[in-house]
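Q: I have a structure I would like to understand better, so I am pasting it below and will then ask my questions one at a time.
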Amino acid sequence: MSKIIKEEVLKQLESVIDPELGVDVVNLGLIYDVSIDDSVVTITMTLTTPGCPLHDTMVNGVRSAVRYHPNVSHCEVNVVWEPAWTPDKMSDKVRDMFA
């Protein structure tokens, strides 16, 4: 089994789009950490607001995108609220789109 590379996981996460903003979770700055232990990937992420009505949709999208990787056996998603998401966490490319 090949090693799972963090950059590959992040690339797959770019396919997960926040339906309200139309931007992927990576460039929005919602992904705080990707940890890999053999074939298990743990994603630590946040959402733009606590109580987000799309919480389950976003978490399931992240989990599905990561599990799409052929060497991932399991994906755990931890949603955290600290530090809180702010627009300054967006990539420069996305920030320029909203400017």
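Read-outs: derived from the displayed coordinates by stated rules, not from any lab. The shown structure was predicted, so the numbers you read here are calculated from the model rather than taken from an experiment. Using ideal geometry, Cβ is built from the backbone for each residue, glycine included, and neighbour counts are taken over all protein chains shown.
Q: Please list, in order along the stretch 67-80, the HN-Hα scalar couplings obtained from phi with the Karplus expression 6.51 cos²θ - 1.76 cosθ + 1.60 (θ = phi - 60°), rounded to whole Hz, x for Gly and Pro.
A: Computed from phi, the couplings for the stretch 67-80 are 5, 5, 4, x, 9, 8, 8, 7, 10, 9, 10, 10, 9, 10 Hz.
Q: Among G22, L47, A65, flag the residue with its Cα farthest along the positive direction of the charge dipole of the chain, charges on Cβ as +1 for Lys/Arg and -1 for Asp/Glu.
A: A65
Q: Still on this structure: Can you tell me how much longer the chain between S15 and D56 gets when fully stretched, taken as 0.36 nm per residue apart minus their C-alpha distance, in nm with one decimal?
A: Gain on extension, S15 to D56, equals 13.1 nm.
Q: Divide by every residue of the chain the summed helix terms, -39500 (n - 2.57) for each DSSP H run of at least 4, and state the resulting mean residue ellipticity at 222 nm, rounded to the nearest 500 deg cm²/dmol.
A: -8000 deg cm²/dmol
Q: Which entry in (1) 38; (2) 64; (3) 70 matches percent of Cα pairs over 19 Å apart derived from the coordinates of this structure?
A: From the options (1) 38; (2) 64; (3) 70, the structure gives (1).
Q: Work out the length of the dipole vector of the chain about its Cα centre, built from +1 on the beta-carbon of each Lys and Arg and -1 on the beta-carbon of each Asp and Glu, and round it to the nearest 20 debye.
A: Dipole about the Cα centre, nearest 20: 160 debye.
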